[in-house]
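Peer 1: Okay, handing you the structure first.
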Amino acid sequence: RLFGFFVDRRTLATRIFDRLGNILDEGSTAQIRQTLLNIRGVDYNWIATIISFIFFIFVATTLFNVIKNSMEQIWHIGIKDKPGILFTLKLRGRSMIIILLAGILFFVGLVTDSIQAFIGAYINNASPTFGKIFLMVLNQILFVAIVTTWFTVLFRFLTNGRPSWKTAIRGGLLTGILFTIGKFILRIMLPLSNIGNIYGASGSIILIMLFVFYSSFIFYFGACFVKILSDASAKPIRTIKGAFLYELKEIPKETN
C-alpha cells in the first residue's frame, strides 16, 4: 500500500512477480501469487490491514533480531548488561530502518528496469542481438549492485558490531555475487529436479524453502568472510556502547 502511492499497484505487483520468476520456477511463483490472492479480501479491510501491518512489523523485526544474534555469535560479540526496554526498542527501530531500505532498493530496481527498457528500445533498433546481450549483462550488473548494497548495510548496521566500510563492502560484494550465481543455478536446476513428482502439490513450497535455505547459507558465509577479513586487517570489528568482543579458547583438561 505504501509504494502504491508512488507506483501503480498492478505494475508493482507485476514487477515483483517478474523478479520472483527470475529466481524461482513458474509453479513456485504461481503458488505465491495464489496465496496473496487468497488474502486479498482481508487486505481491503483497513482495520485488518493495520493489525496485519503491526503483526508483520513484529514478526519481521523479530526475524532480524534472530539473524542479528546469529551474526553476533559468529563475530563473538556480547552484551554487557541485560537489555532494557529502550535498548530493545532501539534494536527493533534499527530493523525497521533496514526493512524500509529494502523497500527503497526494490523501488530503485523498478526505476532501473524502466531505464533499461527505455535504453533497450534504441539499442534493439540498431542491433537486436547486441541489444539483447547488453541488456542481459546490464540487468545482472544492476542486480548485483542492489543486492550488494543490501548485504553491505546488513553487515555494517544490523549487529552491535561495526566492521569498517571497506570490509563491509567487500563482504557485501562477495555475498551479492554468490547470491546471483546461486540464483542462476537454482533457476536451471530446480525445474530439472523431481521435487514436484516427489512432493506433489507441495513441491512449489519445498522449492521456496530450498531457496530461503540457500540464501541464508550464503548470507552467513558472507558474515564469516567479514569476520575473517576484519581479523586479518588493521581495522577489526568495533563494538557499540554496551557491547563487547570475546574470544573462545580451549582449556586443556587437567590430569590428576
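Peer 1: What ³J(HN,Hα) values, in whole Hz, does the Karplus curve 6.51 cos²θ - 1.76 cosθ + 1.60 give for region 54-67 when θ = phi - 60°, with x put for Gly and Pro?
Peer 2: Values per residue, Gly and Pro as x: 4, 5, 4, 4, 5, 5, 5, 5, 5, 4, 5, 5, 5, 4 Hz.
Peer 1: Residue by residue through region 237-250, which ³J(HN,Hα) values in whole Hz follow from phi under the Karplus form 6.51 cos²θ - 1.76 cosθ + 1.60 (θ = phi - 60°), with glycine and proline marked x?
Peer 2: Calculated HN-Hα couplings, in order: 5, 9, 9, 7, 5, x, 10, 8, 9, 9, 10, 9, 10, 8 Hz.
Peer 1: Show me, for region 171-188, the HN-Hα J-couplings you get by feeding each phi into the Karplus relation (A = 6.51, B = -1.76, C = 1.60, θ = phi - 60°), rounded to Hz, glycine and proline as x.
Peer 2: Listing the rounded values in order: x, x, 5, 4, 5, x, 5, 5, 5, 5, 4, x, 4, 5, 5, 5, 4, 7 Hz.
Peer 1: Additional query: Quick one: which residues, 5 or more positions from residue 243 or on another chain, have an amide H under 5 Å from its amide H? H modelled 1.01 Å from N in the peptide plane, none for Pro or chain starts.
Peer 2: It is 80, by chain and number.
Peer 1: Pop out the Kirkwood hydrodynamic radius of region 65-176 from its pairwise C-alpha distances, inverse of mean 1/r, in Å to one decimal. Write down the numbers at each step before the final one.
Peer 2: On the way: mean 1/r = 0.0609 Å⁻¹.
Value: 16.4 Å, from the Cα pair sum.
Peer 1: Using the count of nearby Cβ atoms within 10 Å as a rough guide to exposure, how do 206, 237 rank from fewest to most?
Peer 2: So the residues, fewest neighbours to most, are 206, 237.
Every read-out reported here was derived from the displayed coordinates using simple, explicitly stated rules and does not represent laboratory data. Because the structure is a prediction, the values reported are computed rather than measured. Every residue, glycine as well, gets a Cβ built from its backbone with ideal geometry; the counts of neighbours run over all protein chains shown.
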